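So the structure is just underneath, and the comments pick up after that.
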């Protein structure tokens, strides 16, 4: 089932995120819980998950960003696309990205942006098959 995350999914999401850039599992301290609560209560921050029998197997984040250009239409940013290693190549990430696209359409966004650090052609082709292109814009990152 593809859906938006709920408060009960906290531990499952953090567990899934350990497979994203080899993220360590953070301590469930006041700071992490405060960040979680901020995300859950932000109407522009959507975490989409693929739930397979109560286990989160894939996820992506879709943030809607208000905008004063393009007829004051917002845009969407996709981040943290991840699928559990044992559940890859089954369409879960594509389904999460499609759900995110529907959120962006519902919010009247004029575009969706997705950045990836992957240089793998398989990954890049996956994003192209999901409807993204790598030709229209050039991304620059400044790490802080």
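Some values worked out for this structure:
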{"quantity": "Test: residue in the range 70-81 that is in contact with a helix residue (DSSP H, G or I) (Cβ under 8 Å, 6 or more places away or on another chain) and surrounded by fewer than 15 Cβ atoms within 10 Å (Cβ to Cβ)", "calculated": "no"}
{"quantity": "Yes/no for residue 108 being modelled with pLDDT of 95 or more and on the phi > 0 side of the Ramachandran plot", "calculated": "yes"}
{"quantity": "All strands (runs of 3 or more DSSP E) inside the range 26-89 with 3 or more residues being without any contact (Cβ under 8 Å) to a residue 40 or more places away in the chain", "calculated": "55-65, 75-83"}
{"quantity": "Residue count for the range 118-137, restricted to those that are in contact (Cβ under 8 Å) with a residue 24 or more places away in the chain and either surrounded by 13 or more Cβ atoms within 10 Å (Cβ to Cβ) or more than 15 Å from residue 89 (Cβ to Cβ) (or both)", "calculated": "4"}
{"quantity": "Failed criterion for residue 21 (all others in (1) free of Cβ contacts under 8 Å to residues at least 24 places away in the same chain; (2) assigned to a loop (DSSP other than H, G, I, E, B); (3) farther than 22 Å from residue 131 by Cα hold)", "calculated": "(1)"}
{"quantity": "Of all residues in the range 88-117 being touching a helix residue (DSSP H, G or I) at 6+ places or on another chain (Cβ under 9 Å) and buried (at least 17 other Cβ atoms within 10 Å of the Cβ), the one that is farthest from residue 18 (Cα to Cα)", "calculated": "109"}
{"quantity": "Qualifying residue in the range 46-55 (condition: surrounded by fewer than 12 Cβ atoms within 10 Å (Cβ to Cβ) and touching a helix residue (DSSP H, G or I) at 6+ places or on another chain (Cβ under 9 Å))", "calculated": "yes"}
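The values are calculated or read from the model by the stated rules, or taken from the named source; none is laboratory data. The structure presented is a predicted model; accordingly, all values stated were derived computationally and were not measured. Note that we place each Cβ from the backbone using ideal geometry, even for glycine, and neighbour counts take in every protein chain shown.
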